[in-house]
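Asker: Structure provided below as structure tokens; questions to follow.
The values are calculated or read from the model by the stated rules, or taken from the named source; none is laboratory data. Fair warning: this is a prediction, and the values are worked out from it, not measured in the lab. Virtual Cβ from ideal backbone geometry, glycine too; neighbours counted across all protein chains shown.
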């Protein structure tokens, strides 16, 4: 993405808030994996959305004064030759202005800059509760402002959750985001196909996961957007199964839920296929029921429609199919009224998708389900889960 995209997002955010406000957006922190090793760093989604900057130990400060004039400031790690030899390159404040179109200072100035940014402002926007250490620094700054009014200090009197503001922005994707997500989807589809081709009796679930992750990386998506789920047989009935430690057997269905993360944006694809390469008649019948539900739900995804329209269409197809197969008993109308298919369709139909796999954005406005609108991106993923012991024909 170009620098202008991030600059425009910051300006849109500043335009949406009242005069005499300040916005604080901290970067993510590095997380210890064991002793002196860390997990791969993953940037805070809001911070990345507004800056495109992928380093820890940073803070974005956006301010708007009483006259409506705005300013943006990045605090980040300074250049450090020794640290960069050991841990990798840093952008540094000096290069930030050219690379990110942001004024920047060393993160060591955090205490002073927080004090200046919050003093005399009426409203503070930030996502309290996300990072405990940063919360403590903000609380300490507010305490100082309240303690010394004779120094001209005045603390903000209003604190507002920034997440509701950025979530509404992120819900509607621009063309650059849509292109990245198309690429994430394309890469993920290639990985699913490769895993299907590699599957056979005797292969381990983690080996299929390895095929998926390798395919992601070979196309520029070094990480998955979430932990891969590869469930063979009854493991496929565990919604967030990530052990991936069982061996495929003839007759198994294999469920794979995996999506690549490409330049920050994730895909989310779930597919089920036979380990042997051929469905049994019973497996094929159930697969067709779910496929019919998928098509019916997708047909309802259009501007002005709502998630409920898609869910109702999916539930109609699932209920009809389960009734025809004898898995449900009774009259169709009553079964629909009773949501009978939910005994086997045990999760929701879908969710927003973007920088996070379960992306941000309100599903209701003023208590009413919001209609779909152009530039929203969502998943549609009906499913049927029939573990052993279910009250139906064992087949």
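Asker: Kindly indicate the residue of the stretch 188-198 that is in contact (Cβ under 8 Å) with a residue 60 or more places away in the chain and touching a helix residue (DSSP H, G or I) at 6+ places or on another chain (Cβ under 6 Å) and also nearest to residue 254 (Cα to Cα) among those meeting that condition.
Answerer: The qualifying residue nearest to residue 254 (Cα to Cα) is 195.
Asker: Being surrounded by 15 or more Cβ atoms within 10 Å (Cβ to Cβ), more than 26 Å from residue 8 (Cβ to Cβ) and in contact with a helix residue (DSSP H, G or I) (Cβ under 9 Å, 6 or more places away or on another chain) narrows it down to one residue among 91, 124, 100, 110; which is it?
Answerer: Numbers: 91 fails: more than 26 Å from residue 8 (Cβ to Cβ); 124 fails: more than 26 Å from residue 8 (Cβ to Cβ); 100 fails: more than 26 Å from residue 8 (Cβ to Cβ).
So the residue among 91, 124, 100, 110 that is surrounded by 15 or more Cβ atoms within 10 Å (Cβ to Cβ), more than 26 Å from residue 8 (Cβ to Cβ) and in contact with a helix residue (DSSP H, G or I) (Cβ under 9 Å, 6 or more places away or on another chain) is 110.
Asker: Residue 71 passes all but one of (1) surrounded by 18 or more Cβ atoms within 10 Å (Cβ to Cβ); (2) farther than 23 Å from residue 183 by Cα; (3) touching a strand residue (DSSP E or B) at 6+ places or on another chain (Cβ under 6 Å); which number fails?
Answerer: Single failed check for residue 71: (1).
Asker: Would you point out the residue of the stretch 332-345, among those that are surrounded by fewer than 13 Cβ atoms within 10 Å (Cβ to Cβ) and within 25 Å of residue 240 (Cβ to Cβ), that is nearest to the chain's Cα centre (by Cα)?
Answerer: 342
Asker: Given the condition in contact with a strand residue (DSSP E or B) (Cβ under 8 Å, 6 or more places away or on another chain) and closer than 26 Å to residue 234 by Cβ, answer yes or no: does some residue in the stretch 299-322 qualify? Talk me through it step by step, then tell me what you get.
Answerer: Of the stretch 299-322, the ones in contact with a strand residue (DSSP E or B) (Cβ under 8 Å, 6 or more places away or on another chain) are 301, 306-308.
Applying the additional criterion that residues be closer than 26 Å to residue 234 by Cβ yields none.
No, the stretch 299-322 contains no residue that is in contact with a strand residue (DSSP E or B) (Cβ under 8 Å, 6 or more places away or on another chain) and closer than 26 Å to residue 234 by Cβ.
Asker: From the list 230, 165, pick out the single residue that is more than 16 Å from residue 274 (Cα to Cα), touching a strand residue (DSSP E or B) at 6+ places or on another chain (Cβ under 9 Å) and either at pLDDT 95 or above or crowded, with 17+ Cβ neighbours inside 10 Å (or both).
Answerer: Values: 230 fails: more than 16 Å from residue 274 (Cα to Cα).
From the options 230, 165, the qualifying one is 165.
Asker: Of the residues 314, 258, 296, 275, which single one is within 20 Å of residue 374 (Cα to Cα) and crowded, with 18+ Cβ neighbours inside 10 Å?
Answerer: 296
Asker: Would you mind stating whether residue 244 is within 25 Å of residue 280 (Cα to Cα), touching a strand residue (DSSP E or B) at 6+ places or on another chain (Cβ under 6 Å) and crowded, with 16+ Cβ neighbours inside 10 Å? Outline the logic, then answer.
Answerer: Details: within 25 Å of residue 280 (Cα to Cα): yes; touching a strand residue (DSSP E or B) at 6+ places or on another chain (Cβ under 6 Å): yes; crowded, with 16+ Cβ neighbours inside 10 Å: yes.
Yes; evaluated as a whole, the condition is true for this residue.
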